[in-house]
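The values are calculated or read from the model by the stated rules, or taken from the named source; none is laboratory data. Keep in mind that this is a model prediction, so the values were computed, not measured. Neighbour counts run over all protein chains shown; Cβ positions are idealised from the backbone, glycine included. Each accessible area value is taken on the protein alone, full model and side chains, heavy atoms only, with ligands, DNA and RNA left out. Shrake-Rupley method; radii C 1.70, N 1.55, O 1.52, S 1.80 Å.
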Amino acid sequence: MLKVSEIFTSIQGEGVDVGRVAAFVRFSGCPLGCRFCDTEYAKREGKEISIAELISKLKKFQIPDIVVTGGEPLVQENIASFLTTLSKELWVRKIFIETCGFVFKEEIFAGKVFLNLSPKPPSMIGTDYSRFLLQYIRFFPERVNVKFLIADKTDLSYALKIVKSEPEFFKIKGLVFQPVEIPGKPYPDAVKQVLSLIFKNRSILSQFEVKVIPQVHKLLGIK
Ligand SMILES: Nc1nc2[nH]cc(C(=O)O)c2c(=O)[nH]1
Ligand code: SF4
Ligand SMILES: [Mg+2]
């Protein structure tokens, strides 16, 4: 069984693939306690559902690209069998997992799976899971994209420390920074703050292709 918070259709609102039309499944549950968590509801509420039932619900949308998120999707005990079964469906083209990468599970790389990894930065959580992020990058670089969440300058330093461990990967893929939405603060202000941080650290720009990609669904006020 799987515990699902919601399923819906939208555009991919985050990362290098922004704008891709997709069906979303948000799994319930997360063991982490980030400040500024934007999906508190998904940590608690959810409905138990079988793999077959979930796939049949997703199939009804008739959208070939699927985003799997949470909560934290990798805590689902049956996540690997779900991904393997979903990958075998002929109507499915690509499956994207949104994870903070707090655990390494190589079995999730079923045929059509890509990983969008965003490690939680110091402003959000005290625990550093970046070793798993590096493990994913080294295990399956072609299927991994990384976006760094940035709320302040400590987050930027944290991101650059990780980048220094795997510079070749980031030279190829570029550096993606996603401004963190802080409750009570207009999101455009958070985006502007990240931009000014990048300008203060212009030296990064000459080493990597840098993109600041806000959460577009938040700017638009859609799911
Ligand atoms: N439109 C849209 N795109 C997203 N990409 C990642 C999301 C997430 O919550 O992980 C998300 C989300 O919640 N909505
Ligand atoms: S990992 Fe995601 S769902 Fe879990 S507490 Fe952090 S922001 Fe919230
Ligand atoms: Mg989210």
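Quick one: is K147 open to solvent by less than 30 Å² (accessible area, probe 1.4 Å), charged (D, E, K, R) and touching a strand residue (DSSP E or B) at 6+ places or on another chain (Cβ under 7 Å)? Yes, satisfied. R44 falls short on exactly one of the conditions (1) modelled with pLDDT under 95; (2) within 28 Å of L175 (Cβ to Cβ), and that condition is (2).
Restricting to the range 115-137, name every residue that is within 25 Å of S81 (Cβ to Cβ) and open to solvent by 50 Å² or more (accessible area, probe 1.4 Å).
First pass over the range 115-137, keeping only residues within 25 Å of S81 (Cβ to Cβ): 115-118, 129, 132-133, 135-137.
If the condition is that a residue be within 25 Å of S81 (Cβ to Cβ) and open to solvent by 50 Å² or more (accessible area, probe 1.4 Å), then Q135 is the only one that fits.
The residues of the range 24-39 that are loosely packed, with under 14 Cβ neighbours inside 10 Å and within 11 Å of ligand 3 (Cβ to nearest atom) amount to a single one, D38.
Can you tell me which of E106, E77, E45, E14 is within 16 Å of ligand 1 (Cβ to nearest atom), of a type in the set (D, E) and surrounded by fewer than 21 Cβ atoms within 10 Å (Cβ to Cβ)? Lay out the reasoning, then the answer.
On the way: E106 fails: within 16 Å of ligand 1 (Cβ to nearest atom); E77 fails: within 16 Å of ligand 1 (Cβ to nearest atom); E14 fails: surrounded by fewer than 21 Cβ atoms within 10 Å (Cβ to Cβ).
That would be E45, the only listed residue that is within 16 Å of ligand 1 (Cβ to nearest atom), of a type in the set (D, E) and surrounded by fewer than 21 Cβ atoms within 10 Å (Cβ to Cβ).
Here E6 meets each of (1) at pLDDT 95 or above; (2) closer than 24 Å to V146 by Cα; (3) outside any helix (DSSP H, G or I) with one exception, condition (2).
Out of the residues in the range 200-223 meeting the condition of being touching a Leu at 6+ places or on another chain (Cβ under 8 Å) and of a type in the set (V, I, T), tell me which one is nearest to ligand 1 (Cβ to nearest atom). It would help to see each step written out before you state the result.
Of the range 200-223, the ones touching a Leu at 6+ places or on another chain (Cβ under 8 Å) are 201, 204, 208-212.
Filter once more, so that each one left must be of a type in the set (V, I, T): 204, 210, 212.
Details: I204: 24, V210: 20, V212: 16 Å.
In this case the residue turns out to be V212.
Any residue in the range 36-47 that is more than 13 Å from the chain's Cα centre (by Cα) and in a strand (DSSP E or B)? Yes: the range 36-47 contains one or more residues that are more than 13 Å from the chain's Cα centre (by Cα) and in a strand (DSSP E or B).
Filter the range 186-219 down to the residues that are in contact (Cβ under 8 Å) with a residue 60 or more places away in the chain and part of a helix (DSSP H, G or I) and list them by number.
Scanning the range 186-219 gives V216, H217, K218.
Considering each residue of the range 23-31 in turn, at least one proves to be more than 10 Å from ligand 1 (Cβ to nearest atom), under 17 Å from V216 (Cα atoms) and assigned to a strand (DSSP E or B).
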